[in-house]
Amino acid sequence: MLRCSGNNTSKGMLISGETLVHKHRSNDLTNKLKSVSNSIEKLLISHPVDVKHSRVLLNNYKEAFIVSPHTVEFCGGTANNKTPVDAKYIYDFYGDVSNRKAGKVPADSAHTAEFYGKARHDTYFNDIEKAKSESLYAAKIIRNPKEIINVINHISNSLHGILANSKNAGDIGVKFNEYLTRVTGRNGQFGKISGGIEEINRILSDKNSLPLSFIQKVLLIKTFGAYVIDIASISPEEHSILLKGVTSEKITAAIEKYKPEALFSIRGRSAIISEEVREDIGILDKNTYKTLSDAERHFLKIDELVRKRPLFRTFINEVKNGGKVKSPFINRTFDADNPLIASISGSAACIMVGATLLYPGLNNDDKLSLSKAAIAFLVGGGYHSATEVLNVTYPELSFNKLVRSDE
């Protein structure tokens, strides 16, 4: 791809009839460029570019995607070097309409408009090939978890012991059982457990590695971790019998390690916008799923794992105390153009906190196995992308390195 740039404004060039990249420095945004369509202006005034998930229909282009704080991607139309692009609206504006119209941005900010004959990002505004790769990887782990099942079974066995011990924990034990049953039995839950405590005990004691059983074990480990973070950490003394003497110091250390304030305090996401029933494993949108081969579509469908998939919005900034504060995770994920589903994963933190307390002897190989299990559950269920998971479970490991470790 050719990028044309200059001190003020440089004209874009059409490359092989498919790609036009126009880049300029915004020294004089107000007067230099004219808009391709007023649609961009209207979109960004009503939806600041803090929202990654934005799309607008243009007069000359099929779609325009806001794919990063500094980039709009125009897809499915024609472009030539006579088509000016008003890039003053392609910026992380946040504030009142007059400031956005005035183009008040830092003098050294750069903006890019990219034109393609074929969309590179899906309707969730994620790189199509990356989303596809993560979805297929999650399905592969779910279909054949034998490599990692020993660690999951060991942790499940410890949780089975906690559940048996709940009988000796009085009201706390009753509340724990109710919590476990309610959360894992929610309608639309990935790996939903409908049979209450009796079925939960059966799942935890079962050593098989079938897809549904595997996912349900990870669900139970996650739910235990969530209970510890949200409830037991508040009153650790009351939970000492249930948790077999796990100290408040160990609980605090696990939470601080896997749910650090620096990542989670400014998360950069909305509440759930909507939900849809999906039969396919992963984070693909429906349009991309339809373009897959028959073999790929079959591979991503596991009949007993139909679930409701939530849709979030992610933001590069949040408003705190009347000001704009950047989300560090969202910003660096934007820069890498890695898939974003729901920002840094609290569920991954739950899995790791739960596993750490249930299996204090975890080594690096075990953590690698847990990372794969977390991706299987969270990417497979459409809750998170691989980056959102790995930044919690194994921060020094990228998704590409994880895949290469299997080769």
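Here are the numbers for the structure shown:
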item: Residue match in the range 198-217 (condition: surrounded by fewer than 16 Cβ atoms within 10 Å (Cβ to Cβ), part of a helix (DSSP H, G or I) and aliphatic (A, V, I, L, M)); result: no
item: Candidate set from the range 218-232 (those that are β-branched (Val, Ile, Thr) and open to solvent by 10 Å² or more (accessible area, probe 1.4 Å)); member that is farthest from PHE264 (Cα to Cα); result: ILE231
item: Selection within the range 156-178 - touching a helix residue (DSSP H, G or I) at 6+ places or on another chain (Cβ under 6 Å), under 19 Å from MET352 (Cα atoms) and open to solvent by 10 Å² or more (accessible area, probe 1.4 Å); result: SER158, HIS160
item: Members of the range 250-280 that are touching a Ser or Thr at 6+ places or on another chain (Cβ under 6 Å) and farther than 18 Å from GLY354 by Cβ; result: ILE266, ARG267, GLY268, ARG269
item: Residues being in a helix (DSSP H, G or I), touching a helix residue (DSSP H, G or I) at 6+ places or on another chain (Cβ under 6 Å) and either open to solvent by 20 Å² or more (accessible area, probe 1.4 Å) or of a type in the set (D, E, K, R) (or both) - total across the range 358-386; result: 2
item: Evaluation of ILE266 against (1) assigned to a loop (DSSP other than H, G, I, E, B); (2) open to solvent by less than 70 Å² (accessible area, probe 1.4 Å); (3) closer than 16 Å to HIS160 by Cα (one fails), failing number; result: (3)
item: LYS301 vs. criteria in contact with a strand residue (DSSP E or B) (Cβ under 8 Å, 6 or more places away or on another chain), at pLDDT 90 or above and surrounded by fewer than 23 Cβ atoms within 10 Å (Cβ to Cβ); result: yes
item: Residue, farthest from ARG186 (Cα to Cα), within the range 303-344, restricted to residues that are in contact with a Pro (Cβ under 8 Å, 6 or more places away or on another chain) and in a loop (DSSP other than H, G, I, E, B); result: ILE316
item: Test for PHE315: is it open to solvent by 20 Å² or more (accessible area, probe 1.4 Å), farther than 30 Å from LYS250 by Cα and in contact with a helix residue (DSSP H, G or I) (Cβ under 8 Å, 6 or more places away or on another chain); result: yes
item: Neighbours by Cβ (under 9 Å, 6+ apart or cross-chain): first from the range 306-328, touching a residue at least 40 places away in the same chain (Cβ under 8 Å) and under 14 Å from PHE264 (Cα atoms); second hydroxyl-bearing (Ser, Thr, Tyr) and part of a strand (DSSP E or B); result: ILE316/SER68; SER327/THR314
item: Residue, nearest to PHE377 (Cα to Cα), within the range 318-357, restricted to residues that are open to solvent by 30 Å² or more (accessible area, probe 1.4 Å) and among the hydroxyl-bearing types (Ser, Thr, Tyr); result: SER347
item: Residue selected from the range 269-292 under the condition open to solvent by 50 Å² or more (accessible area, probe 1.4 Å) and part of a loop (DSSP other than H, G, I, E, B), by the criterion modelled with the highest pLDDT; result: GLU279
item: Residues satisfying the stated conditions in the range 387-407, i.e. in a helix (DSSP H, G or I), of a type outside the set (A, V, I, L, M) and open to solvent by 10 Å² or more (accessible area, probe 1.4 Å); result: THR387, ASN391, PHE399, ASN400, LYS401, ARG404, SER405
item: Verdict on LYS192 being closer than 30 Å to ASP303 by Cα, assigned to a helix (DSSP H, G or I) and out of contact with any His (no Cβ under 6 Å at 6 or more places or on another chain); result: no
item: Meets criteria (assigned to a helix (DSSP H, G or I), surrounded by 15 or more Cβ atoms within 10 Å (Cβ to Cβ), at pLDDT 95 or above and not β-branched (Val, Ile, Thr)) for ASN153; result: yes
item: Failed criterion for GLU178 (all others in (1) in a loop (DSSP other than H, G, I, E, B); (2) under 23 Å from LYS308 (Cα atoms) hold); result: (1)
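The values are calculated or read from the model by the stated rules, or taken from the named source; none is laboratory data. Everything numeric in this text was worked out from a predicted model, so none of it was measured. All Cβ positions, glycine included, derive from the backbone under ideal geometry; neighbour counts span all protein chains shown. Ligands, DNA and RNA are stripped out before the accessible areas are found, and what is left, the full protein with its side chains, is counted by its heavy atoms. Shrake-Rupley method; radii C 1.70, N 1.55, O 1.52, S 1.80 Å.
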